[in-house]
Structures are given as C-alpha cells and as structure tokens.
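The values are calculated or read from the model by the stated rules, or taken from the named source; none is laboratory data. All of these numbers come straight from a predicted model, not from anything done at the bench. A quick note on method: Cβ atoms are made from the backbone with ideal geometry, for glycine too, and the neighbour counts reach across all protein chains shown. Remember, those area values only see protein heavy atoms, side chains included, never the ligands or the DNA or RNA. Shrake-Rupley method; radii C 1.70, N 1.55, O 1.52, S 1.80 Å.
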Amino acid sequence: MMRPVYALSGGVSKFSKARPDKTFQAIIKEAYDYAIADLDLDMATFTAAVDGSVASYFSDHFSRQLMAGIMAQDYLGLVPKPGHRVEGGGATGGLCFQEAWKSVASGDMDVCIAYGFETMSHVETWKGNEFIALASDVSWDYPVGGFYSGYYAMMVTRHMKEYGTTVEQMAHVSVKNHLNAYHNPYAQKRNRYSIDDVRSSPMVAWPLTRLDICVMSDGAAAVIFASEEGLARLEAAGAVVSRPLVKVAGIGRGTDAMRMADRPHVDYDTFMADYATDHERNSDDTRAYYRQLWAQGTRYPGIHSFRAGRTAGNLAYRRAGIVDPLVELDFIELHDAYTSSEIQTYEDLGLCRYGEGGQFAASGRAFMPGIDYGLDLPDEPELPVNPSGGLIACGHPVGATGLMQGVFAIWQLQGTIGRHFGDPMLQVSEAEQGAIHSHAGTGTYVTVSILRKEV
Amino acid sequence: MPELPDRREETQGGFIVHGVPFPIETDPDALAFLKRLTPIQIEQEYAITYLHSYGQDSPWFAGAANRRLLAAREPESGYTYATPRGHDMYSGIETEWIDITSRRARIHAFTVCHFGSEEFLPETPYVLAMIEYEGVDTLFLSRLMGIDPDEASIEWIGMEVRPRFLRNSKLKPTDVYFVPVGLPDGAA
C-alpha cells in the first residue's frame with residue numbers, strides 16, 4: 001500500500017542556451033537552493049532532514065562525464081545519504097519525479113529530493129543532434145539519417161495523412177507556447193509570433209520549421225517530496241509549508257518499441273479493449289466515431305500516435321480517479337518537444353479523440369484566458385496546456401525538463417505563480433488539479449503524474 | 001529579395017593563449033575580484049572507434065550486399081517484421097528469414113531533412129521514408145531518392161516504390177534505398 005506523498009516545493013534554474021559561468025553541479029545548486037529556501041529552511045537544516053535523493057540527466061555525452069549524478073550529490077552536500085541516477089531519454093525528468101515519489105510512497109524515505117540537469121551547450125548544435133540521435137537504434141535508424149526532428153516529422157506526416165491535420169494547426173501550438181512564456185522569466189524563448197512567422201521560419205524537417213521545435217538548453221530543476229512524517233519532521237525543523245498541500249494523486253507510465261517502425265497497427269476491437277479511455281469506451285458517439293475511422297483504414301498506434309502516452313495517461317487517471325481529463329484537470333504541462341507532438345499528446349491524454357488533435361489545437365481550448373494571442377480562436381479557453389510555455393519556449397535541458405514541469409505544477413496548485421514569476425498572468429485561476437507529462441524519443445517512455453491540491 | 005546572411009558562421013577552435021591574465025598579488029581585493037571573471041573554456045577531443053556487431057541481424061546485411069531484402073517472420077503466426085528481429089515480440093519465438101525483395105512497397109510516411117545531425121549535414125536535404133511492404137506487418141526506415149525534396153507533399157504517402165541497392169555495400173541499412181516505381185534505372 002503506497003503512502004500519501006506531498007510535493008512541497010521546487011526550484012528551477014533559468015534555462016539558457018549556454019551557462020559556461022558555472023559547472024553543472026553549481027547550476028543544479030541554484031534550483032536546489034531555491035527549493036529549500038522556499039520552505040524557509042537553510043541548507044544545513046534541510047540536509048539534516050532529507051533522507052536521500054534521485055538524480056536525473058539524459059546523456060553522458062553532453063558533459064563528457066560519467067557518474068555526474070554522484071558529483072552533484074557530493075556538491076550539494078548530500079553524501080553519504082542514499083541516491084541514484086535515472087535515465088530514460090526525454091522522459092528522464094519525469095521518471096526522476098516518479099522515482100522520488102516512489103521512494104517516499106514506498107516508505108523507503110520520508111523526505112526525498114529529486115534533482116535533474118542537462119548542459120547541452122558544450123557541443124555545437126549539430127553534434128548535439130547527433131548525440132540525441134544516438135538514442136535511436138544505432139544498427140537500423142541512426143545510420144539512415146538519424147535526426148530526431150526527422151523522426152517526429154515522419155510521424156506527423158502520417159498524422160496529417162490519417163486525420164487531415166494541418167501545419168497551421170501545429171503553428172497555433174507554437175504561437176501559444178511562445179507567448180505564454182513571455183510571462184515566464186525562467187523560459188529561454190519569450191516571443192510573440194504569428195502563424196506566418198512559424199511557417200516562414202527555416203524548414204528543419206518537412207513540415208516542421210525551427211519554430212515548431214524546442215531548443216537545446218542548459219538548466220536544472222529540483223522538487224522536494226515528503227510523507228506525512230517527513231512533513232512533520234521538516235516543520236519541526238522550522239520549514240514553512242503553505243497550505244493547502246499539493247499531493248501527488250497518481251502516476252502512470254507507458255513504453256513502446258524503440259524503433260517506431262516496429263509498432264503495431266491494431267484493429268478496432270483491440271484498440272477499444274486495450275487502449276480506449278474509460279470516457280471513450282462509455283460513449284456511443286465515440287465508439288461510432290472510431291468505428292468510422294477504422295473503416296477508413298486507421299490502425300493504432302502506427303507511427304501517428306503514442307501508445308506509451310495513452311497507456312501512461314490511462315494508468316495515472318485510473319489511480320487518481322479521473323474519468324474525463326478535459327473536465328477534471330485545470331492545466332497540463334506536457335512534453336511539447338514538437339508542436340506536432342503536443343497535438344498528438346492531446347489525443348493520447350484523452351483531451352479529444354484520436355484524429356481531433358489538430359482541431360483542438362486551433363480551437364483555443366488549450367490556451368490561457370486573458371492573453372491576446374493575435375489569433376482568431378473560435379472557442380473559449382477550457383484546459384490550459386503548457387501555461388509555462390512548455391519545452392518549445394522554456395527550452396529542453398533533458399534531465400531537468402520533467403522536473404521543471406513538476407515545479408511549475410506545484411506553483412500553479414499553490415497559487416504562487418505570481419510570486420515566483422513576478423507576474424501573475426500565467427496563474428491558472430482556482431487550479432485544483434493538474435497533470436505533468438514527460439516523453440522520451442518517439443514515445444518510447446512516457447510518464448504522466450497527477451498533482452492535486454488537498455482540500 | 002533573398003534574405004542576406006548577417007552573421008558569420010560560428011565554429012569552435014581559436015588561438016592558444018600563452019599567459020593567462022591573473023592578479024600579480026593575491027591580496028583580498030584581488031581574490032574577491034576573481035569572482036567577477038568570465039569562465040575559462042577549453043576544448044576536449046573525444047573520438048573512438050567501436051567494433052559494432054549486428055549479431056543475429058547480420059544475415060540481413062549480407063542479403064543487402066547481395067541485392068536481397070530480407071525480413072523476419074514468426075513461423076507460427078506469420079507475423080512479419082520488415083526491420084528484422086531475432087525473436088517475435090508477441091510469442092517470443094525465434095523468427096525465420098524470408099526474402100521480400102520483390103514485394104510491392106509504398107511510402108507510409110516521410111520527411112525531408114534540411115538539417116540533421118553532424119554526420120549527415122553534408123547530405124541535406126535528404127528524404128527519409130517509412131516503407132510499408134505488402135504482407136509485412138511492420139515498417140522499414142530508409143532513404144528515398146528520385147524525388148524532388150523541394151516539392152514535398154502529403155500526396156507522396158501511398159506512392160509505390162521499389163528498392164535499389166548500392167553496388168558497393170557499406171554493410172549499413174543504407175545499402176538499400178527506395179525510388180518511385182516507374183523511374184527508369186539510371187534516373188536516380
């Protein structure tokens with residue numbers, strides 16, 4: 001039986017194209033110190049109270065340093081306490097969040113800190129792309145032209161073919177996330193763009209342009225978790241923890257074949273039995289909709305959908321007691337490494353049906369209220385997606401990204417975005433429950449975690 | 001009017017410095033000033049040659065070197081992998097080799113890479129495609145030639161293609177690539 005786990009505080013370093021001013025350990029310390037200071041503790045007091053840690057970073061290549069996790073543990077003053085490093089491509093930070101949660105939920109620790117980083121500026125961009133591409137099969141995929149933007153571009157051309165998704169719909173995601181980030185001082189790219197700007201920026205992998213794709217970053221993030229006992233220990237030591245508390249209400253994970261070429265194309269009955277959300281399964285209209293899709297030739301997941309994302313979402317929703325995420329969630333921070341993958345993820349997470357992600361993107365329902373995006377949006381905002389600006393605008397220092405989402409989610413649920421950002425614009429009004437979603441290359445590992453404000 | 005470059009290309013490398021500025025005396029003020037210096041960055045080389053084994057997939061490469069396209073089939077269910085796997089992911093049974101060189105093939109999805117990882121930058125723009133074969137359950141990632149990368153269109157999806165092999169095998173999956181059916185030999 002898992003114990004209740006609270007996400008008490010977090011910190012994020014400013015994500016930047018390059019941080020040569022500090023070593024990775026010192027960049028992590030910025031986020032780490034912020035998380036501790038937000039509990040009104042000093043380092044020595046926190047060090048005495050914390051039981052251990054989980055570290056995350058994606059690539060040993062970027063820093064040309066093996067065992068970077070222990071170097072951070074050492075620098076932060078956490079030795080000889082327990083700790084380990086997790087890695088799972090782009091989902092590394094999300095996995096770290098969940099492993100730290102598990103450490104507390106299982107009873108192994110009462111206070112655990114998750115920290116993650118990536119320093120991607122130590123090599124030139126195209127060498128960085130090569131390193132990332134080595135996270136594809138080096139026998140079969142990498143030698144053909146290994147380039148992750150190319151892989152995602154192939155996925156979205158199939159999505160376009162299957163469902164009629166358009167590049168303009170994808171550009172809506174870019175406009176939204178870049179402009180949201182205008183109000184987020186932690187973000188790397190804070191700009192107002194138009195649909196035309198997105199489409200006329202340099203083509204990277206057709207149809208994805210430079211503004212459809214996240215950037216490489218140097219950065220770090222940290223999250224502090226505690227059990228009831230851990231919370232009492234921290235407060236006895238002087239911690240100031242705001243109420244209501246933020247609880248991790250449920251986690252889910254999914255996986256899929258490394259080579260997207262190997263993914264199945266299942267029939268309607270298998271899809272409904274194994275992959276449909278409860279909400280979809282219980283809707284006559286949706287079952288008829290999917291029957292029609294399959295009659296037209298759609299198969300699942302193919303390369304147009306992320307089965308791992310759907311699996312992770314379904315598991316997290318079930319554990320958190322969520323039936324209709326569009327109605328029950330107040331915001332989502334999801335892994336938008338590409339505008340296309342944000343659209344695909346709307347579908348995986350059940351915000352709309354498969355095939356409707358493009359329309360959902362352009363509808364305005366995933367936008368923030370109160371911001372003039374310069375777009376003609378037919379619907380009112382309903383469920384803000386990536387209010388922080390997401391990976392596209394914040395940047396994607398891989399091992400930190402999933403934790404960054406966790407930090408922003410904590411602040412949303414605490415109602416403290418205004419204090420942390422120095423600007424209240426991105427505070428989701430009366431946020432009670434949100435989701436964070438972390439995703440590794442072409443949908444191999446995906447994590448979904450639900451955070452909830454305790455009442 | 002075409003957009004003119006307004007920045008010079010950045011490359012790594014530079015002068016080697018002999019003599020690094022540093023306070024002559026390490027008095028408290030001078031030591032405190034060290035906190036205000038910009039960081040020193042150096043270059044570190046990292047190159048290595050791996051002996052990579054294709055293991056149980058090796059016959060596929062031998063086949064491509066001999067202008068044969070192999071696939072892996074689960075002997076009982078018949079489930080067939082275009083990109084070979086030694087064991088079926090559903091039954092766990094060892095697969096057997098089949099020859100699919102002459103099967104009909106189509107473009108399932110594609111992209112045109114105008115940028116890429118460092119190794120492939122000189123080849124841009126190049127077309128990547130997921131190929132679907134008749135009677136084969138999974139796809140195959142390959143290069144597509146004989147098609148104008150500046151005319152990319154979703155209509156390419158579904159186009160019938162056929163394999164073409166390098167005369168001089170490199171023992172890489174790129175020993176085979178695809179061209180549109182109907183393209184005369186020698187046109188690509």
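What number of residues within the stretch A:408-443 are within 16 Å of A:Arg243 (Cα to Cα) and β-branched (Val, Ile, Thr)? Matching residues across the stretch A:408-443 total 3. Restricting A:Met203, A:Met258, A:Met170 to those that are within 14 Å of chain B (Cβ to nearest Cβ), open to solvent by 20 Å² or more (accessible area, probe 1.4 Å) and touching an Asp or Glu at 6+ places or on another chain (Cβ under 9 Å) reduces the list to A:Met258. Counting only residues that are away from chain B (no Cβ under 13 Å), open to solvent by less than 10 Å² (accessible area, probe 1.4 Å) and not in a loop (DSSP other than H, G, I, E, B), the stretch A:293-309 holds 3 of them. If I ask for residues that are crowded, with 19+ Cβ neighbours inside 10 Å, outside any helix (DSSP H, G or I) and of a type outside the set (Phe, Trp, Tyr), which ones from the stretch A:93-120 would you list? Correct list: A:Met109, A:Asp110, A:Val111, A:Cys112, A:Ile113, A:Ala114, A:Gly116, A:Glu118, A:Thr119, A:Met120.
Checked against (1) on the phi > 0 side of the Ramachandran plot; (2) surrounded by fewer than 10 Cβ atoms within 10 Å (Cβ to Cβ), B:Arg67 passes all but a single condition, namely (2).
Restricting attention to the stretch B:3-58 and to residues that are among the small types (Gly, Ala, Ser) and loosely packed, with under 10 Cβ neighbours inside 10 Å, the residue that is farthest from A:Pro143 (Cα to Cα) turns out to be B:Ala32. Looking across the stretch B:122-135 at every residue that is surrounded by 14 or more Cβ atoms within 10 Å (Cβ to Cβ) and within 14 Å of B:Gly158 (Cβ to Cβ), the one that is farthest from the other protein chains (Cβ to nearest Cβ) is identified as B:Tyr133. Of all residues in the stretch A:22-72, those satisfying the criterion of being open to solvent by 30 Å² or more (accessible area, probe 1.4 Å), farther than 30 Å from B:Gln44 by Cα and of a type in the set (Ser, Thr, Tyr) are A:Tyr34, A:Thr45. For B:Ala105, the conditions (1) farther than 19 Å from B:Gly146 by Cα; (2) touching a residue at least 60 places away in the same chain (Cβ under 8 Å) all hold with the exception of (1).
Quick check: is even one residue across the stretch A:86-95 among the polar types (S, T, N, Q) and within 14 Å of another protein chain (Cβ to nearest Cβ)? So far as the stretch A:86-95 goes, no, none of its residues is among the polar types (S, T, N, Q) and within 14 Å of another protein chain (Cβ to nearest Cβ). For the stretch A:180-200, a residue qualifies if it is open to solvent by 10 Å² or more (accessible area, probe 1.4 Å) and of a type in the set (A, V, I, L, M), and exactly one does: A:Ile195. Only one entry in B:Glu96, B:Glu160, B:Glu119 is surrounded by fewer than 16 Cβ atoms within 10 Å (Cβ to Cβ) and without any contact (Cβ under 8 Å) to a residue 40 or more places away in the chain, namely B:Glu96. Looking across the stretch A:73-92, not a single residue is over 19 Å from A:Ile132 (Cα atoms), β-branched (Val, Ile, Thr) and open to solvent by less than 30 Å² (accessible area, probe 1.4 Å).
Residue by residue, here is whether (1) free of Cβ contacts under 8 Å to residues at least 24 places away in the same chain; (2) touching a strand residue (DSSP E or B) at 6+ places or on another chain (Cβ under 9 Å); (3) part of a helix (DSSP H, G or I); (4) open to solvent by less than 10 Å² (accessible area, probe 1.4 Å) holds:
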residue	(1), (2), (3), (4)
A:Leu383	no, yes, no, yes
A:Leu391	no, yes, yes, yes
A:Gln405	no, yes, yes, yes
A:Trp411	no, yes, yes, yes
A:Gly418	yes, no, yes, no
A:Thr442	no, no, yes, yes
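Among the residues of the stretch A:48-105, those that are farther than 19 Å from A:Glu118 by Cβ and out of contact with any strand residue (DSSP E or B) (no Cβ under 9 Å at 6 or more places or on another chain) comprise A:Ala48, A:Gly77, A:Val79, A:Pro80. Here B:Ile147 meets each of (1) within 8 Å of chain A (Cβ to nearest Cβ); (2) of a type in the set (A, V, I, L, M); (3) more than 23 Å from A:Pro264 (Cβ to Cβ) with one exception, condition (1).
Quick grid of which residues meet (1) of a type in the set (Asp, Glu); (2) in contact (Cβ under 8 Å) with a residue 24 or more places away in the chain:
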{"site": "A:His304", "(1), (2)": "no, yes"}
{"site": "A:Leu326", "(1), (2)": "no, yes"}
{"site": "A:Asp330", "(1), (2)": "yes, yes"}
{"site": "A:Leu334", "(1), (2)": "no, yes"}
{"site": "A:Tyr354", "(1), (2)": "no, yes"}
{"site": "A:Ser363", "(1), (2)": "no, no"}
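Residues checked against (1) crowded, with 17+ Cβ neighbours inside 10 Å; (2) under 26 Å from A:Ala181 (Cα atoms); (3) modelled with pLDDT of 95 or more:
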{"residue": "A:Phe271", "(1), (2), (3)": "yes, no, yes"}
{"residue": "A:Thr286", "(1), (2), (3)": "yes, no, yes"}
{"residue": "A:Arg291", "(1), (2), (3)": "no, no, yes"}
{"residue": "A:Asn314", "(1), (2), (3)": "yes, no, yes"}
{"residue": "A:Gly321", "(1), (2), (3)": "no, no, yes"}
{"residue": "A:Leu334", "(1), (2), (3)": "yes, yes, yes"}
{"residue": "A:Ala337", "(1), (2), (3)": "yes, yes, yes"}
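Of the helices (runs of 4 or more DSSP H) entirely within the stretch A:1-77, those holding at least 1 residues that are among the aliphatic types (A, V, I, L, M) and in contact (Cβ under 8 Å) with a residue 12 or more places away in the chain occupy A:24-37, A:43-49, A:68-75.
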